[in-house]
């Protein structure tokens, strides 16, 4: 049994110190099986196996650009002090995995995980939050995330969900964004029986910014729900929602987007877009864009579409010798890429590109024994798009 | 004989558009098809390319001796049939470079060849861009997205240069072009004329034929080719219109 399976761990998977950031001197490699393999991306990673927080987080750790500690058995706190710019992403991997001796074979796992991220004034951090499972384990994961951004702080929150069809995830995110701070969230749902992502972002100061992105690719009988509420509590705040998804087979989903502009929140700019491709007649989607505005000097818009692949574009591509299968895939990828391009962290964009391409080819299932399913991704690097 | 169309009838829904087209095209020839609007010129090009909106109800099309109508759209393309679109389609998010690389590699795969490597492709593309003075900048943009009319048509001829088809139908490649763009696009087409290929230009205007000089001019009216002549026929049509022909044919 590898160390990882014993329920560790902090795995600072990359030793090299970056300028201004202390090396992860306390590297505790969690075994090669769980090594983070986002190519070209240095990360600090932290694995949360079957709901057990790493024991050795009891005290604060030296040598990391943040403080990480347990507040309770199920609550993890990450704090970045004022002015600290963390240039390596922190990767938090929630892994649902059958353990030979733990008796979760028949009953399934029921995990409640809570995470709080606090950024001091002007601090910067990127968090990659992955929820993964092996192929069989039945699990229900309730993830509560609390984000607090002091003025001028920047936080990118990328949530990646790739779990088997017997797993369900209910993510609930609450964020408070102070003046001049910026929060970017992206929920990327690649596989899972039921994936529910709910977020509420409060913009509490002038020039606070939020962008909420979502990409969901579901098939079979998978279900995906995204619910976003962005509250403009202060004037001069900006927000954007962009959610796109592709539904195949009998998959179904729902989007509820809500922009609330408080009385007096003048000069608000808020944009909301939800676009969906249904590949079959049985796939279903409901979309509910919603703007609630109590100020009169604002720019707000919303748009929602549910449609099919563009037949004219398919014909055009086939006229150039591209097979129907490839043409469909190319169009689907182009559709998804609009979200991926917005992530803003190039190695993550590339990694996600490979995962999405594999997903569209039907190769990416929840998954192999690696937490990030990356073993085959390099083979895809030579594809034409 | 490169292409032989025999008594071709095609419909969209209940409406018959092609009503017995006969046409023979040899390698090395340039043909112009003219005719009034709504009489089947674009439909003929679409049917040759395999557009599934149209149903062929009668007739036969032999391409290099094979039954073209049995082939899928992409098979026809891989066998060397090219359609230059009157209204090129926008494909947001797919760059011209990746679109062309996919097309070339799919065609190579069809012929049992290995994919073109990145470097070779880049050089090849750079060379072919020159045919229609397509800037590198444009090649990085999404296919036809936000292109002007002229850019779209240049892009069609650029794709033709890349794919080197044996038979190209160019559907109103001159529409929406200003004089300069027309000269560039027509010049591109002329560079692509070879002894072993054939080009069919569909146009309303004699002007294009000043640049791309055809061997034959056909008039398609009422779903049939009603008259075929040398390049001078285009001048006559420019002068007299189509009514005299319609009267002659009793249409």
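Listing for the model above:
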{"item": "By average C-beta atoms within 10 angstrom, highest first, the peptides B:201-208, B:58-65, A:326-333", "result": "A:326-333, B:201-208, B:58-65"}
{"item": "Between region B:82-153 and region A:182-248, the alpha-carbon center distance in angstrom", "result": "35 Å"}
{"item": "Viscosity 0.890 mPa s, temperature 25 °C, Stokes-Einstein D of region A:66-165 from Kirkwood C-alpha radius, µm²/s", "result": "166 µm²/s"}
{"item": "Pair residue B:14, residue B:175: separation of 7 Å Cα→Cβ label points (nm)", "result": "2.7 nm"}
{"item": "Sum of -39500 (n - 2.57) over DSSP H runs of 4+, divided by residues of the protein assembly as shown (222 nm, nearest 500)", "result": "-6500 deg cm²/dmol"}
{"item": "Shape box of region B:112-251 [Cα atoms, principal axes, largest first, Å]", "result": "58, 35, 23"}
{"item": "Kirkwood-based Rg to Rh ratio, the protein assembly as shown, C-alpha trace", "result": "1.08"}
{"item": "Quarter of the Cα convex hull surface for region B:3-249, i.e. its orientation-mean projected area (nm²)", "result": "13.3 nm²"}
{"item": "Cα centroid of region A:131-175 to Cα centroid of region B:176-200, whole Å", "result": "56 Å"}
{"item": "Residue A:144-residue A:325 pseudo-label distance in nm [points 7 Å out on the Cα-to-Cβ vector]", "result": "4.7 nm"}
{"item": "Which of B:72, A:250, A:159 has the fewest Cβ neighbours within 10 Å, and the rest in rising order", "result": "B:72, A:250, A:159"}
{"item": "Inverse mean reciprocal Cα-Cα distance (Kirkwood Rh) of region A:146-293, Å", "result": "15.5 Å"}
{"item": "Nearest-ten-degree value, helix B:179-191 long axis tilted from longest Cα axis of chain B", "result": "80 degrees"}
{"item": "DSSP beta bridge pairing in region B:3-249, given as percent antiparallel to the nearest 5", "result": "60 percent"}
{"item": "Residue order, fewest to most surrounding Cβ atoms within 10 angstrom, among A:129, A:258", "result": "A:258, A:129"}
{"item": "Residue A:174-residue A:288 pseudo-label distance in nm [points 7 Å out on the Cα-to-Cβ vector]", "result": "2.1 nm"}
{"item": "Rounded if a/c under 1.5, otherwise prolate or oblate - region A:225-367, Cα gyration tensor axes", "result": "prolate"}
{"item": "Stokes-Einstein D in µm²/s, Kirkwood radius over Cα pairs - region A:227-300 at 4 °C with 1.567 mPa s viscosity", "result": "98 µm²/s"}
{"item": "Global form of region A:152-236, assessed from the alpha-carbon gyration tensor, a/c cut-off 1.5", "result": "prolate"}
{"item": "Radius of gyration and maximum dimension Dmax of region B:1-129, Cα, Å", "result": "16.9, 50"}
{"item": "Neighbouring partner chain Cβ atoms per residue of B:98-107, average, 10 Å criterion", "result": "6"}
{"item": "Segments B:228-234, B:20-26 sorted - mean Cβ within 10 Å per residue, highest first", "result": "B:20-26, B:228-234"}
{"item": "Residues B:145, A:209, sorted so that the one with the fewest Cβ neighbours within 10 Å comes first", "result": "B:145, A:209"}
{"item": "10 Å Cβ neighbours from other chains, averaged over peptide B:79-86", "result": "2"}
{"item": "Order by protection proxy (mean Cβ within 10 Å, highest first), peptides A:295-303, A:233-241, A:138-146", "result": "A:233-241, A:138-146, A:295-303"}
{"item": "Helix B:96-110 axis, angle to chain B major axis (alpha carbon atoms, nearest 10°)", "result": "80 degrees"}
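Values in this text are rule-based calculations from the coordinates and carry no lab data. These numbers come from a predicted model, not from an experiment. A quick note on method: Cβ atoms are made from the backbone with ideal geometry, for glycine too, and the neighbour counts reach across all protein chains shown.
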